[in-house]
Every structure is written in C-alpha cells, then in structure tokens.
Amino acid sequence: MNCTHFVDFPVFVKGTTAKPCKVPHIFTTGGIGWSVEFNFDDDWSAVPHRTATFWAGHIRKDVPFTGNSVIIPTDILRIPFTVLRVSVRGTDCIPDPESIARAEEICARQSEINMEFRECEQSEVKALMDEYIALANERKGLNLIRKRYITQWCELGYIYPGTTLPDARG
C-alpha cells in the first residue's frame, strides 16, 4: 500500500516573515511524504543555502534543502495534539570548519591586541595596528557567512492521531 502523500503546503516568505497561504491544516501521526513549498521573495536569492526547521511538541528537526520545497520529517509528526510549526533560514555560504576556527583565532588575537593597546609604549602602537589590520583583512577573505535571513515561526497546522490513506495519484 502506498502511503505517500504528494501534497504541498505553500508558505510565502517575504524577508523574515513567513505565512502559510492556507488555513492551518490537520496532519496525522501516521503521515508521510507531506511537503512544504516555500515561495521566496527576491531578497532570498542572495541566500541559496537554506534549512527548514520543523517544530512540534518537544521535537525540532532541521532539514537542509535546495530549491523551494522540503519534505516534513516523519519524526516530527509523531506527537499527537500538538501544533506543527516551521521556520526557514538561509545563508550566503556554508563555511568550512577551518575558516570558522581561524576566524575564532583572529577574534581572540584582536581582543588581545585591544588589551595591549591600553598599556603599550608609543613605539609599539604601529606594530600592533599593523597586526590588527592584517588580521581584519585576513578575516574578510575567509569563507564565512556574510548574509543571513531567518523567519519567525509559521504555524502549518495541528497533528492528530491517525493514519495516512493512500494518495489517489499513487
């Protein structure tokens, strides 16, 4: 028996606002294959790396995705009598761990330099300034997130006990 639904729940995303275009829907605890289709405004084209976060009861699940739609994780639909919510975030890049570690080192050293400025001799100021500027320039060149959007929580519907019936197209 095919229990997969091919139903999209459209959500309009404008800036940091996300709103479903339908009234809240009823989901069942046995449901699988439901998807959310995000309709992004033009601002979101600058943040192609996207993650949808689903929340119901005490469970939250992150689902990275490309394009505009994402399947609702079945784990999120297991708690009856809860509200199903979604939020989406996007970033302009996915930083590599080495860049993140180096950025943290740079920030730590820049903090140290700021402390050294308070007690340094006049002859040491130029060297500290040069080091600080060099570190700032290096940080600019790292593969780090420079643009990020995140929406508030959007209520998709309610989860009730039940099973999913076979889809008519299935």
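The values are calculated or read from the model by the stated rules, or taken from the named source; none is laboratory data. Since this is a predicted model, take the numbers as computed values, not measurements. Cβ atoms come from the backbone with ideal geometry, glycine included; neighbour counts cover every protein chain shown. All accessible areas refer to the heavy atoms of the entire protein, side chains included, with ligands and DNA or RNA removed. Shrake-Rupley method; radii C 1.70, N 1.55, O 1.52, S 1.80 Å.
Within segment 83-103, track down each residue that is among the charged types (D, E, K, R) and in a helix (DSSP H, G or I).
Selection gives E98, R102.
Could you please find all residues in segment 26-59 being open to solvent by 60 Å² or more (accessible area, probe 1.4 Å), under 15 Å from I150 (Cβ atoms) and in contact with a strand residue (DSSP E or B) (Cβ under 6 Å, 6 or more places away or on another chain)?
Matches in segment 26-59: H49, W55.
Being more than 30 Å from N39 (Cα to Cα) and open to solvent by less than 70 Å² (accessible area, probe 1.4 Å) is the filter here, so list the residues in segment 81-99 that pass it.
S99
List pairs: first residue in segment 110-135 and in contact (Cβ under 8 Å) with a residue 60 or more places away in the chain, second residue exposed (fewer than 11 other Cβ atoms within 10 Å of the Cβ) anywhere in the structure, Cβ distance under 7 angstrom, at least six positions apart or on different chains.
none
Criterion first (in contact with a Cys (Cβ under 8 Å, 6 or more places away or on another chain), in contact (Cβ under 8 Å) with a residue 40 or more places away in the chain, over 21 Å from F40 (Cα atoms) and open to solvent by less than 70 Å² (accessible area, probe 1.4 Å)) does L144 satisfy it?
Considered against the rule, which asks whether it is in contact with a Cys (Cβ under 8 Å, 6 or more places away or on another chain), in contact (Cβ under 8 Å) with a residue 40 or more places away in the chain, over 21 Å from F40 (Cα atoms) and open to solvent by less than 70 Å² (accessible area, probe 1.4 Å), L144 comes out as yes.
If you go through segment 49-67, how many residues are assigned to a loop (DSSP other than H, G, I, E, B) and modelled with pLDDT of 90 or more?
2
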